[in-house]
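Colleague: The structure follows.
The values are calculated or read from the model by the stated rules, or taken from the named source; none is laboratory data. Quantities reported herein were computed from a predicted structural model and do not represent experimental measurements. Here the Cβ is made from the backbone with ideal geometry for all residues, glycine too, and neighbour counts use every protein chain on show.
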Amino acid sequence: KKVFTSTDQVMITGGQLILAHGLGSMPTLTQTYLKNVTAELGYSVGDIMPFDGGSGIMSIVPDGTNITVRFNNGGSITTITNKTTGANAAIVNANWNLIVRAWA
């Protein structure tokens, strides 16, 4: 199997990413991850966690050349569970990056 892993991507409310994956065909699977870049909500810089995007948070559309990601336009990209307390809270977009992986 071929694998694509993006560089860290900045998440901007209402923004769009177009990532050339170089896999030579449409990916059969994509996965996204949040990477902490500024400590927040109990997470340390460098912490990475799977992130499915959920309904209305972002769309991911792969094709034979690119993976297009569109973020919602409603303020914070998403809410997550505080690593320390378990409370749910909105992230500060600038404190997190997105990593996209794809397999073909």
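Colleague: Return only the number of the condition from (1) more than 13 Å from the chain's Cα centre (by Cα); (2) buried (at least 17 other Cβ atoms within 10 Å of the Cβ) that residue 60 does not satisfy.
Modeller: Failed condition: (1).
Colleague: So, restricting to strands (runs of 3 or more DSSP E) that lie completely within the stretch 63-104, which ones have at least 1 residues that are among the aromatic types (Phe, Trp, Tyr) and at pLDDT 95 or above?
Modeller: In the stretch 63-104, 96-103 are the strands (runs of 3 or more DSSP E) which contain 1 or more residues that are among the aromatic types (Phe, Trp, Tyr) and at pLDDT 95 or above.
Colleague: Same structure again: Checking residue 21 against (1) touching a residue at least 12 places away in the same chain (Cβ under 8 Å); (2) within 12 Å of the chain's Cα centre (by Cα), which single condition isn't satisfied?
Modeller: (2) is the only condition that residue 21 fails.
Colleague: Still on this model: Under 7 Å by Cβ, and 6 or more places apart or on different chains, what pairs join a residue from the stretch 36-56 that is under 17 Å from residue 81 (Cβ atoms) with one that is exposed (fewer than 15 other Cβ atoms within 10 Å of the Cβ) and of a type in the set (A, V, I, L, M, F, W, C)?
Modeller: 36/45; 39/45; 40/92; 41/89
Colleague: Search the stretch 1-25 for residues being hydrophobic (A, V, I, L, M, F, W, C) and not in a strand (DSSP E or B), and hand back the single one that is surrounded by the fewest Cβ atoms within 10 Å (Cβ to Cβ).
Modeller: Top of the filtered list is 12.
Colleague: If only one of 28, 65 is surrounded by fewer than 16 Cβ atoms within 10 Å (Cβ to Cβ) and either among the small types (Gly, Ala, Ser) or free of Cβ contacts under 8 Å to residues at least 60 places away in the same chain (or both), which one is it?
Modeller: Selected residue: 65, the only one of 28, 65 that is surrounded by fewer than 16 Cβ atoms within 10 Å (Cβ to Cβ) and either among the small types (Gly, Ala, Ser) or free of Cβ contacts under 8 Å to residues at least 60 places away in the same chain (or both).
Colleague: Could you list, in sequence order, the residues of the stretch 40-62 that are among the acidic types (Asp, Glu) and assigned to a loop (DSSP other than H, G, I, E, B)?
Modeller: 47, 52
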